[in-house]
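Trainee: Sharing a structure below in structure tokens format, with a few things to ask.
Just so you know, all these numbers are worked out from the coordinates, no wet-lab data involved. Remember, predicted model here, so these are calculated numbers, not experimental data. Positions of Cβ are backbone-derived with ideal geometry, glycine not excepted, and every protein chain shown enters the neighbour counts.
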Ligand SMILES: N[C@@H](CCC(=O)N[C@@H](CS)C(=O)NCC(=O)O)C(=O)O
């Protein structure tokens, strides 16, 4: 006998909403108003200290392909030419364990949780990527992307292929830091504040702030090639990793759907420009990123269907942002 529709719907709503809030509380802690609260990174040591001296083939980066924060570190590693001196492992977002799985890892760890335990037995915080790992002492140097990228820029110049590429130049640091703050709150973390909102009001605020900043950035990029002019800096690396995921993932999965990046004249060319720099496309396998995001964030996409609307070839099209070498 068929279940009456009203009973079916009411029961499903009760069960699903309870499960949804329970899962979201683990995935993305929120404040009382339903706004996403990102947890502070816990490991904040520095490369170049007595404990962690810069040395070739001693450190390894752990990243995940979906993760825009980890992606910053993979790009900085390429821009500085550090592939030969800093190893990199890619963890896989695994919905069945609710975390990052490792395959054939040199430490013997099967997932990021085990890696964090190896570094600090009893650790009870979040086991996020990226991680800058010290292979010599089996410890975590740092797990905060905004700090790791500065260390990769500054501390390995002796071993880097491109030591003269300063991605964090003192001359524009203050302006860059100010811009980074705005972009972090409203764009990098802003897309997560949209996608992980647990109330309409929290979502409305996040989405308004996100598109307010994208409008501003589009205008800013009307008269300069990169955020701080030329050459490219870490501010661009930080913005790029959100923009490259935007039309593919955040527009649909995180409900950032007021506009797409391809609708912005300057932001879209800027995005293609950076994507087409030597070595960058290889750090961003777009189909895999989209597939892994839509499959791993179960509470946001329980049916597991992956959309197909974005033509990946568009990222290869001319950017018309200038012919001069982007990096001096
Ligand atoms: N503030 C950190 C954020 C890192 C982060 O949130 N990583 C996510 C993936 S996008 C993660 O690994 N989350 C797993 C968890 O929090 O349990 C950074 O910038 O490095």
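Trainee: Out of 75, 280, 183, any idea which swings most in a Gaussian network model of the chain, alpha carbons joined below 10 Å?
Mentor: 280
Trainee: For residue 27 and residue 8 in the same chain, what is the full-extension length gain: residue separation times 0.36 nm, less their Cα-Cα distance, in nm?
Mentor: Gain in length upon complete extension: 4.1 nm.
Trainee: Considering Cα pairs under 8 angstrom that are at least six residues apart, work out the relative contact order of region 59-154 and quote it in whole percent.
Mentor: Relative contact order of region 59-154: 33 percent.
Trainee: So, R0 is 51 Å and r is the distance between the beta-carbons of residue 1 and residue 177; what FRET efficiency does that work out to, to 0.05?
Mentor: 0.20
Trainee: State whether region 170-316 is rounded, prolate or oblate according to the following rule on the C-alpha gyration tensor (a ≥ b ≥ c being the square roots of its eigenvalues): a/c under 1.5 gives rounded; otherwise a/b larger than b/c gives prolate, and the remaining case gives oblate.
Mentor: Here region 170-316 falls in the oblate category.
Trainee: Now a separate question. Which order do peptides 7-18, 218-229 fall in by mean Cβ count within 10 Å, highest first?
Mentor: Highest-to-lowest ranking by the protection proxy: 218-229, 7-18.
Trainee: Rank the residues 237, 131 as a footprinting-exposure proxy: fewest other Cβ atoms within 10 Å of their Cβ go first.
Mentor: Ranked by crowding around the Cβ, least crowded first: 237, 131.
Trainee: Which residue fluctuates the most in the chain, going by a Gaussian network model with Cα springs under 10 Å, if the choices are 171, 128, 295?
Mentor: 171
Trainee: Shifting gears a bit: Run the numbers for residue 45 and residue 154: contour at 0.36 nm per residue of separation, minus the present Cα-Cα distance, in nm.
Mentor: 37.8 nm
Trainee: Under 1.5 on a/c is rounded, so check that first for the chain, then, if it is not, pick prolate when a/b is larger than b/c and oblate when it is not; a ≥ b ≥ c are the square roots of the alpha carbon gyration tensor eigenvalues.
Mentor: oblate
Trainee: Something else: Within region 53-85, name every residue whose backbone N is under 17 Å away from a label modeled 7 Å from Cα of residue 114 along the Cβ vector.
Mentor: Only 62-63 fall inside the zone, counting backbone N under 17 Å.
Trainee: What per residue convex hull volume, in Å³, do the alpha-carbon atoms of region 6-153 yield?
Mentor: So the per-residue hull volume is 139 Å³.
Trainee: Sort 289, 232 so that the residue with the fewest other Cβ atoms within 10 Å of its own Cβ comes first and the one with the most comes last.
Mentor: So the ranking, lowest neighbour count to highest, is 289, 232.
Trainee: Next question, about the same structure. Most exposed first by the Cβ proxy, i.e. fewest other Cβ within 10 Å, how do 100, 133 rank?
Mentor: The most exposed by this proxy come first: 100, 133.
Trainee: Also, quick follow-up: Along the Cα→Cβ direction, 7 angstrom out, place labels at residue 97 and residue 200. What is the inter-label distance in nm?
Mentor: Taking the two extended label points, one gets 4.1 nm.
Trainee: Taking 0.36 nm per residue of sequence separation and subtracting the Cα-Cα distance, how much length would be gained by fully extending the chain between residue 124 and residue 104, in nm to one decimal?
Mentor: That pair, residue 124 and residue 104, stretches by 4.8 nm at full extension.
Trainee: Once each part is reduced to its C-alpha centroid, what is the distance from region 119-189 to region 1-78 in angstrom?
Mentor: Going from one Cα centre to the other spans 18 Å.
Trainee: Suppose only helical runs count, i.e. DSSP H with n ≥ 4. What mean residue ellipticity at 222 nm does that imply for the chain under -39500 (n - 2.57) per run, divided by all residues and rounded to the nearest 500 deg cm²/dmol?
Mentor: Result for the chain: -12000 deg cm²/dmol, rounded to the nearest 500.
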